[in-house]
Amino acid sequence: MTGKQRAAGIGVTTEQAGPTPIRVLIVDDDALVRAGLSMILGGDPGLAVVGEAADGSQVPAAVAGCAPDVVLMDIRMPRVDGLTATEALRRNANPPEVIVLTTFDADADVLRALRAGAAGFLLKDTPPAEIVQAVRRVAAGEATLSPSVTRQLISHVTGAAPAGATARRDRARRLLDTLSEREHDVAVAIGQGCTNAEIAARLYMSVATVKAYVSRLLVKLDLNNRVQVALLVHDAELV
């Protein structure tokens, strides 16, 4: 890492030898947080911290230079916040997955990040082993939210009927009306926080078939991940 890179808060590290690791970019304005996350993730042979950024304004250059698979994105940063950076990043072609970092487990900012396409969120006091597993899950195309957390977040944050809720409800219902009956059943189950195995048992499918339906839903609804499916189902007031 050059002195200029370190001063700017952007760094590129050398990857480990062996099987291709999951490439991670850490974005946080706190140097101690970046160092801690780098130590946690760098200790796993299947992960490689390939870059750091100290502000959302640095994310485009860092992503272009590091080509990460997963970005750990702090929400609150002084110049360009993580929400704005996530929204811009997810509009690009083939963007990396994003996990937002927050100190709150039920925050309107988290909901905005999930709507923008973030794969989930982590609290900053999450145990190290769970952070590693979350990065692995996201890289594998899964959400970082457990079913119980999904239900808690959606229920708590959207329960106050925020402005625009009626328009979102109508849009969500129109989109869900385009689904087949079976696709609709899978979408509702996702909205209820069911895992693939639970959906398979409920709808008498194999897990592989459920995964195929989930993939089809994402394409048909033009969504990024199953968390967004859950939010759409909630917007439609079906759960």
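No lab work stands behind these numbers, since they all come straight from the coordinates. Since the model is a prediction, treat every value here as computed from it, not as a measurement. Cβ coordinates were reconstructed from backbone atoms using ideal geometry, including for glycine residues, and neighbour counts include every protein chain displayed.
List the GluC sites (Glu not before Pro) in segment 161-222 that DSSP assigns to loop (not H, G, I, E or B) and whose Cβ has at most 14 other Cβ atoms within 10 Å. Which are they?
Details: sites: 181, 183, 198; in loops: none.
Listed in order of number, the matching sites amount to none.
Within segment 207-239, which trypsin sites (Lys or Arg not before Pro) sit in a loop by DSSP and count at most 11 neighbouring Cβ atoms inside 10 Å? Walk me through the numbers before you get to the answer.
Values: sites: 211, 216, 220, 226; in loops: none.
Qualifying residues, ordered by number: none.
Compute, for segment 165-239, the length of the dipole vector about the Cα centre, with Cβ point charges of +1 (Lys, Arg) and -1 (Asp, Glu) only. Units Debye, rounded to 20. Walk me through the numbers on the way to the answer.
Values: 11 positive and 9 negative charges, 28 e Å.
Value, rounded to 20: 140 debye.
Taking amide H positions as placed in the peptide plane 1.01 Å from N, state which residues far from residue 52 in sequence (5 or more) or on other chains have amide H under 5 Å from it.
Answer set, sorted by chain and number: 11, 26.
Set the Förster radius R0 to 45 Å, insert the Cβ-Cβ distance between residue 31 and residue 195 as r into 1/(1 + (r/R0)^6), and round the FRET efficiency to 0.05. Before the final figure, lay out each step's value.
Values: r = 37 Å, r/R0 = 0.83.
Here the calculated transfer efficiency is 0.75.
Using the Cα atoms of segment 28-131 to build a convex hull, what is its mean projected area in square nanometres?
Values: hull surface 24.4 nm².
Hull-based average projected area comes out at 6.1 nm².
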